Amino acid sequence: MTLVFAGVCSHAPGITGRADLADPQLKEGLYLAFDELRARLEESRPDAIVVVAAEHFANFFMNNMPAFAVGMADHYSGPIEDPDWLKIPKFTAPGNRNLSQRMIQEIMQTVDVAYAEEWLFDHGIAVPLNFLTPKFDLPVIPVNVNCQGPPLAPLHRSWAFGEAIRRAADSVPERIAVVGTGGISHWPATPDSGKINETWDRDFLDRWCRNDRAQLLDYDDLTVYTEAGQGGFEIRTFLAVAAAAKGAPGTVHYYQPIPIFAVGCTTATYDLDPNL
Ligand SMILES: [Fe+2]
């Protein structure tokens, strides 16, 4: 059919794991934003959700690190983290091997994508799903962009990957939703954890909403590392969604730096043109 939904959200483990330590008003505001994102997603009546994530050495390691990977299984389980720490109980989410296979075949016409028949979801996918499909009843197609182990996937290739995902979505009869997950500026698992560069984040989100390819690709890893931390490398997931939206304008529905969650928490969507 085509892409029926394109959005992004944060996936920091603190959003669930440290929820009880946050200012209750801030936490409620974010949880409401996730509820609204879920309502928008449900309104689009998707048959499957492609989650473009930046996983954290849960499945892909430095002995064999793909730049881009797509899951190809009928079931996935998670979270790989301690459920008591993440505060998300163990779950099994449905996949759709057949749909994955068809989309991968189309994606690999232009992108050398890896595929995986086994995939344990870490917080990068588990946290968004916990809010967007809390019953874990919508088939998931997990996607990973290497934002963790340098050399990282180049930004322009992440864009090309997003274009390929869109082409694949357009090539299948199913209604496909795509959600990119990641932090913008953040310094997770470092002594600077909790630091957030709000100015940098807002500038990035402004570029994302204008869906300005040149401006979105006008970053380099060293500057991102300096200004947005190693967590800022996860912009690749947002870029892939921007490319998949084919120039559609975006709206930030929620942005709030919440240091205890270690990230500027974000929800945003693109206003997809049904004629494109
Ligand atoms: Fe992450």
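The values are calculated or read from the model by the stated rules, or taken from the named source; none is laboratory data. Source: prediction; values computed, not measured. Note that each Cβ is placed from the backbone with ideal geometry, even for glycine, and that neighbours are counted across all protein chains shown. We work out accessible area using only protein heavy atoms, side chains counted, and drop any ligands, DNA or RNA first. Shrake-Rupley method; radii C 1.70, N 1.55, O 1.52, S 1.80 Å.
If both residues of a DSSP beta bridge must be in the chain, then about 45% of such bridges are antiparallel.
Ligands, DNA and RNA are left out, and with a 1.4 angstrom probe the accessible area of the stretch 55-126 is 50 Å² per residue.
Positive contributions from Lys and Arg (+1) and negative ones from Asp and Glu (-1), summed over other residues with Cβ under 10 Å from the Cβ of ASP170, come out at +2. Packing, taken as the mean count of other beta carbons within 10 Å per residue, orders the peptides 167-173, 62-68, 178-184 from highest to lowest as 178-184, 167-173, 62-68. Each Lys or Arg adds one and each Asp or Glu subtracts one; over the other residues with Cβ under 13 Å from the Cβ of TYR254, this totals 0. Accessible area of the stretch 2-266 with a 1.4 Å probe: how many percent of it is carbon plus sulfur? Whole-percent figure for carbon plus sulfur exposure: 51.
A straight Cα-to-Cα reach below 27 Å connects LYS195 with the lysines LYS27, LYS87, residues fewer than 8 places away in its own chain not being considered.
Our note on the geometry: Cα centres of the stretch 23-67 and the stretch 214-232, 21 Å apart.
Under a Cβ-Cβ cut-off of 13 Å, what is the net charge of the residues other than ALA22 that fall near it, where Lys and Arg count +1 and Asp and Glu count -1? Could you put the intermediate results ahead of the total?
Numbers: positive: ARG18, LYS27, LYS87; negative: ASP20, ASP23, GLU28.
So the environment of ALA22 carries a net charge of 0.
Once the mean of 1/r is taken over each pair of separate Cα atoms and inverted, the stretch 2-266 shows a Kirkwood hydrodynamic radius of 18.0 Å. Charge dipole (Cα centre; +1 on Lys/Arg Cβ, -1 on Asp/Glu Cβ; no other charges) of the chain amounts to roughly 380 debye. In the chain, the calculated helix contribution to ellipticity at 222 nm averages -11000 deg cm²/dmol per residue, counting -39,500 (n - 2.57) for every DSSP H run with n ≥ 4. For ASP212 and GLU36, the difference between the fully extended length at 0.36 nm per residue and the C-alpha to C-alpha distance is 60.8 nm. Inter-label distance, THR226 to MET108: 4.1 nm, where each label sits 7 Å from its Cα along the C-beta direction. Taking the inverse of the mean 1/r over every pair of distinct Cα atoms in the stretch 78-176 gives a Kirkwood hydrodynamic radius of 14.9 Å. Around the amide H of ILE141, modelled in the peptide plane, lie the amide H atoms of ILE49, VAL50, VAL51, all under 5 Å away and 5 or more residues distant in sequence or on another chain. Computed packing ranks the peptides 217-228, 132-143, 4-15 as 4-15, 132-143, 217-228, most packed first, by mean other Cβ atoms within 10 Å.
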